[in-house]
Structure formats: C-alpha cells, structure tokens
2 protein chains.
Amino acid sequence: MTSRPDEAFARALAAIAPLDRAAVAEAGAHQARLTKPRGALGRLEDLGAQLAGIAAEAPPPVPDPATVVVFAGDHGVWAERVTPWPQEVTAQMVSTFCAGGAAINVLARHVGAGVLVVDVGVKAPLDPSPALVDRKVRPGTANITTEPAMTVDEARLALDVGAQVAADTVAAGARCLVTGDMGIANTTASAALIAAFTGRVAADVTGRGTGIDDLTWARKVRVVERALARARSDGTLTARPDPLAVLASLGGLEMAALAGFAIGGAAARVPVVVDGVVALAGALAGAALAPLATGCWVAGHRSVEPGASAALDHLGLEPVLDLGMRLGEGSGACLALPVLQAAAKVLREMATFDTAGVTEKT
Amino acid sequence: MTSRPDEAFARALAAIAPLDRAAVAEAGAHQARLTKPRGALGRLEDLGAQLAGIAAEAPPPVPDPATVVVFAGDHGVWAERVTPWPQEVTAQMVSTFCAGGAAINVLARHVGAGVLVVDVGVKAPLDPSPALVDRKVRPGTANITTEPAMTVDEARLALDVGAQVAADTVAAGARCLVTGDMGIANTTASAALIAAFTGRVAADVTGRGTGIDDLTWARKVRVVERALARARSDGTLTARPDPLAVLASLGGLEMAALAGFAIGGAAARVPVVVDGVVALAGALAGAALAPLATGCWVAGHRSVEPGASAALDHLGLEPVLDLGMRLGEGSGACLALPVLQAAAKVLREMATFDTAGVTEKT
C-alpha cells in the first residue's frame, strides 16, 4: 500500500471545474460551417462539443492515446452464493489481463489503447507483472449483509488510489481514460450502491451479472435487500446520506477506486469513458462527491444490467453504444473509443463550405 | 459507360449462397470456451458468428481492409422542391470526397478504410480524379412523380455497375465493403422505394433528409404519394410487383448500384456494412432480387430517417450503432466497422478457460 490518504483525491476535488462554455460554443459554431447539413452527425456533434469543453479548446484534441485501467477487488458478499463463479477467478482473470488474453486486452489492442491493471483489493496475493500495479488497500471487502464493506478510511484510501492512478496515467501521456473493473460478486455490491444512490428498490437494479439462474437471482435480490437494511439500521443509509459513508458501507474497493479515477480524469481535463454497471456504481459515488466531474464523463455503452440503466438515468448520461454487453473489464467503454475519437477528428479535419467550394442550402 | 449489361450482376446472383452453418456453429462453440461468461459480449458474439458464416471459416478472418464505395447520382424529383439544397451540390460533394475533406473521408481514414467514389448518375460532368470511377449510366433520373426514374435496362446497367465494383474492390484486396451514397433529393426517391417494398404509407417513411422544415416535409410526403400513385397507375406497383421494375420506376441510379454492390459483396463472401436510408432503400431492392444475400449484410447504424427503421424491420436487420446520424455518404456504416472487426478479433485472439488456467463456474 503506497498511497497517502486523501492527497491525490483532495487535489483532484479541488481542480474540478465546469466545461469551458466558450469552447463548447465555438465547437458548435464550427460544426455549422462543415460540409454537411446541420446536426446530421447526431451524437458525434454533441461529443465533439463536449470534448472541446473538456479541453477548453476548439477544435478539441483527439482523445488518443487512451489507457484502460482495470481496478480489481474481491467481495465478502461472495459468501452469500450470489454467483456460481469461484472467488479465485478474480485473481486468475488479473493474471489473464497481465498475459494479454482477456477480452479487454483484445479490444484495447484493437482500438489502440493501453491496459493497466490495479490491484486495489484482490483477496489472494498476486504475482508481480509489468502490467500490474499493487495498490491493495485490503484483501477484499467484508460481507455487506452483516457489516460495512470497509471503513471510511479505507474508502478514502481507495478513492486516493484511483485519483493518483488517473493523475499518473495522464502524466504518462494518456489523453483519455477508460474505466475497467474485475471482481467476482461485484455486480451485487454495485446493485446495493446503485439502490442507495438512486433510491430504487433492490429488485429493480439487481441483474444477472455473469448470467445467473432464477433461483440465484432471487437470492441475490434478497442479499442486496439485506445489505440495504443493514446500512439503514446502522444509520448510514438515510434520506440524505453521506456519499463517502455509503461507498464504504455498501461498495467495493474497485468502485471506490473507480470513483476516484473518474474524478481524477475530470481534474486532469481528459475525457473519462465509463463502462458498465460496476463503473457506473462508482460513478454515482463520484458524482455525489464531485457533481461537476460528470461533465468530463462519457458513458461508453448501455450494459444489459438493469442497474446500469438506473445509474445512467440518475447521472443524466446517454450511452454511446448499446450492444447487449455485460462483461465488465472496460470492454463496452473500450469499443466506444473510436466513436469518441471520430467526434474530435470531424471537427479537426472536415472541410468547411467555404474551403470546399460547396454551395449552402437556400 | 463501360459496363456490360447484366454480366457482373448475373454472375453475382448465381454465386449467392446461404451462410456456412458449420462455421456459425463452430464460432458459437468457441465463444463458449473463451474467458468470459457465456453471451457476455452480446452483439459482438452474434457478429462474430455471422462473420464466420460469411467466410465459412471459424474463427473468421478480420474484415480488414475495408473500402467505402460512395455511389453518386442525381434525381429528377429534385425539381419538386423537396430539398433546399441546389442540385449542383451532388457534384460539389463528389469533388469534396475526391479531395478528402468530407465527413466520410475523415471517418474512413479514422477506421483505416479506403474511399472510392463511383459516378453512376451525376447530372453534371465531373472532373477526373484518381478516387473517382466514371460509370455514369445516365445524367440523373427522370422526375418520378410523372415518369419512371429510369428504364429497366438502365436499372440493370446500374445493378451491374454495383456488382462489378464490388467484385473489383474485393479483387483489389478489400475484405469488407461499406456502402456510401451521395445525391441531392435521394431521400425522396428512397422513401418512395421503401414505401413500395414495405407496403407502408408515404408519411410513415418520409423523413426530413438534410433537415427540412414542416412545409417542405409536407410537400415531400405529397411528392412521394404522387410518385407511388403514378407507379400504381402505370401498372408497375402491384400487390406482387417485380423488384427490378419497382427499382427502375421509383428508385435512383445510386440505389440500383447499391443493390448490385450489396449482392456483389455477398457473392464474394465478404461482409457488406449497410449505411442509412438510401443504402437501405437499395438493400430492399437487393433483398427482393436475392433474398439470401442479406446473410452477408450488417446494418451499420439506425439513421434517424423513419424510412431507415421501416427498411431495417422489413430486412430483419438489427443495426450496430444508433447515434442519431442522418448524413449518408456511408458515415454511420463506417463507424460500425471497428465493432465488426472487434467481433472477429475476439474469436481469434482471446484466451480460452483451458489455456488461461481460469476456473469455470460451478
């Protein structure tokens, strides 16, 4: 554990600022001069304006290179039999990420992004690897049905890990951050966080994760309900709860790190492409801690997990892709990257009516 | 005009065959061995299986390099004031494509695809360019409210241009074809074709094209109704019409070429990524002429044009992207290319549970 509590996260919080309105307006005005009917590129034009607002520059820089950071952690709630996958798979998948054979490796290579894996809370000891950063806060969370996932200090440490990794990754040259996650049982903790932050009931935000059967799903819903009831009874989950306390009580180490990472990216003024339900659970905590940070976030895709849609609605984010994916790892966000980069290139490279000698409509 | 009527198109029609079922099944079985929960990559897994079926090879080859072919033509129905854009813009945009400054050039460069422009019916004479192929069948169509767009022989010639260009492009090394189109007023002819092939009424399939006002839209709907009425009264549009006669009567030279192109790609067993409403109007004609060709088609995106959704439903195609785009040129299809290529790479490059030493679920 090398992070210094709160330092990187506090710096990031202090640096958060709104999108640059002049750059957004200039991007919009430039879109109107390009050789195409106004608005014809749809979402691409909105993304281009957002990128300009993030960078305070129009046309905006292309968000390239990008780095996918996969935060990995384990979950005490795994013991409640919410998933048929053994807990050891978290560590095995971390090894697969480091060896380059997982979906996120294939997809990141395809879109020209790097992959960094950060152990923020895997239960098992991990073999060192050049692709792996050891920032383990604790070896997995406690079982949220009976006690808080972690202490508030541990949540602060995990937020700090995320913020520090974001700052380091941008300092190393990344111009776009992509959220990734790995943790067996983490969709259960995500459902609890999403229920807590959106006010929805457990059954509405609990999904089938890796593809569980009806019986396991019903058990998973009850587990989320028990966790929420426990957090209410210990005074954490109130009508206006403290976001940090909720994160510590119901979350996971990777969600806390993802919240810090998404805020850290916004502080560094690079776009943060947010993946599926686990990343969105972290993003809800992040948005509660730093509402203006959301201006720098792009929802990569709409996961099939119901909690993802609930979180997207709450955050006011419209996903770029909707491909029926539910893998995590950053896989959906990674596939959105070419669209985001295209949005910047359209503004930077397209001819205008004037320069191309094309007649405008009457 | 260099095409020999029917030869390339007849060869393509004769070569159309169903997807290879063994390769589709082998791709599905391999997906289940990869280090991810079954089905977790959603649409990517379906696309991977389709690519395997097209190539009769599992894992399938990556559909790269790809070439966007932009078929350009003018429309006599422009005279009915269905658009505020001058007709000369078709030729000006062809020049912009050749100069590399249009949206499709930027997007194709971004995804590593080539761009070829084929003049199949632009009204004005065009300056030669290395990026431009002159296969002009006639300088624009006739006004479809009063007479057939072209003769059946001209429609055959345009189909042949498309099929020949597909064959030539694949022979030159392309492993994926992307449809593109340019033609001022071509969403009007597309609406007429889509109404004819899907049986929907004009108002349901007529859109705002480049972004017309309410008055122009109402006029455009009446123009489409008049064209359909004319085709009914001259005996072309019947309960079971001849697809070629409908194409000639209500279509456009670029739609006819696109139909031949999409069939030619299927004949060459490469995926054809179909763009928006104009490409889909051509695809409807193509599917009527060669129903099995649709197995090799991928709908790149859902254009905001209502006719596009009507055509997608009729063709049974689920679009990859939904980005609120309505530009044409192949722009939406081009952005779907990275997703399609990712689908192949997942099958080719991901580790299996066995090789990665990851424990499967209980």
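Treating the beta-carbon of each Lys and Arg as +1 and of each Asp and Glu as -1, no other charges, what is the dipole magnitude of the protein assembly as shown about its Cα centre, to the nearest 20 debye?
Details: 60 positive and 72 negative charges, 117 e Å.
So the dipole magnitude of the protein assembly as shown works out to roughly 560 debye.
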- Task: Calculate, for B:T355 and A:D168, the FRET efficiency according to 1/(1 + (r/R0)^6) with r their C-beta to C-beta distance and R0 30 Å; round to the nearest 0.05.
- Result: 0.40
- Message: I want to verify a result. In a Gaussian network model of chain B, Cα cutoff 10 Å, which of these has the top mean-square fluctuation: B:L323, B:L177, B:L51?
- Response: B:L323
- Message: Let me spell out the model: positive unit charges on the Cβ of Lys and Arg, negative unit charges on the Cβ of Asp and Glu, origin at the Cα centre of segment A:205-267. What dipole size does that give, in debye rounded to 20?
- Response: 180 debye
- What order, most packed first, do the peptides B:167-175, A:309-317, A:101-109 have when packing is the mean number of other Cβ atoms within 10 Å of each residue? A:101-109, A:309-317, B:167-175
- Query: FRET efficiency for B:A229 and B:R81, Cβ-Cβ distance as r, R0 = 25 Å, nearest 0.05?
  - Reply: 0.85
- Message: Binning at 10 angstrom from zero up to the longest distance, how are the C-alpha pair distances of the protein assembly as shown distributed in percent?
- Response: 3, 16, 24, 22, 17, 11, 6, 1, 0
- Note on the structure: In the neighbourhood of A:V346 defined by beta carbon distances under 13 Å, the net charge of the other residues (Lys, Arg +1; Asp, Glu -1) is +2
- segment A:186-285: spread of alpha-carbon positions along the three principal axes, whole Å, largest first, is 44, 33, 20
- Message: Suppose each label sits 7 Å from its Cα in the direction of the beta carbon; what would the A:T362-B:A56 distance come out to in nanometres?
- Response: 5.5 nm
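With a Förster radius of 51 Å, plug the Cβ-Cβ distance of A:L292 and B:E88 into 1/(1 + (r/R0)^6) and report the FRET value to the nearest 0.05. Please report the intermediate quantities before stating the final value.
Working: r = 47 Å, r/R0 = 0.93.
Efficiency computed from Cβ-Cβ geometry: 0.60.
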- Query: Ranked from the most accessible area to the least, with a 1.4 Å probe and all protein chains present, what is the order of A:D134, A:D234?
  - Reply: A:D134, A:D234
- Item | Label point 7 Å beyond Cα of A:T151 along Cβ direction - residues of segment A:228-265 with amide nitrogen under 20 Å | A:231, A:234-237, A:242-257
- Task: Report the convex hull volume per residue for segment B:1-78, counting only C-alpha atoms, in Å³.
- Result: 171 Å³
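Can you give the percent of C-alpha pairs in segment B:59-156 whose distance is more than 18 Å?
Values: 2567 of 4753 pairs.
Counting pairs separated by more than 18 Å, the tail of P(r) holds 54 percent.
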- With Cα coordinates, the longest principal axis of chain B makes an angle with the long axis of helix B:331-349, in degrees rounded to 10, of 20 degrees
- Note on the structure: Here the alpha-carbon Rg of segment A:133-251 over 2.2 N^0.38 Å rounds to 1.15
- Can you pull the Rg over Rh of segment A:194-234, Cα-only, Kirkwood? 1.00
- For segment B:141-156, in order, what is each residue's ³J(HN,Hα) by Karplus, 6.51 cos²θ - 1.76 cosθ + 1.60 with θ = phi - 60°, in whole Hz (x at glycine and Pro)? 7, 7, 6, 5, 6, 10, 7, x, 4, 7, 7, 4, 5, 5, 4, 4
- Query: What's the long-distance tail for chain B, i.e. % of Cα pairs beyond 33 Å?
  - Reply: 25 percent
- Would you please calculate the Kirkwood hydrodynamic radius of segment A:214-362 over all C-alpha pairs and express it in Å, rounded to one decimal? 17.3 Å
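The values are calculated or read from the model by the stated rules, or taken from the named source; none is laboratory data. Just so it is clear, the structure is predicted and the values come from calculations on it, not from any experiment. Positions of Cβ are backbone-derived with ideal geometry, glycine not excepted, and every protein chain shown enters the neighbour counts. Protein only, heavy atoms only, side chains kept; ligands, DNA and RNA dropped before computing areas. Shrake-Rupley method; radii C 1.70, N 1.55, O 1.52, S 1.80 Å.
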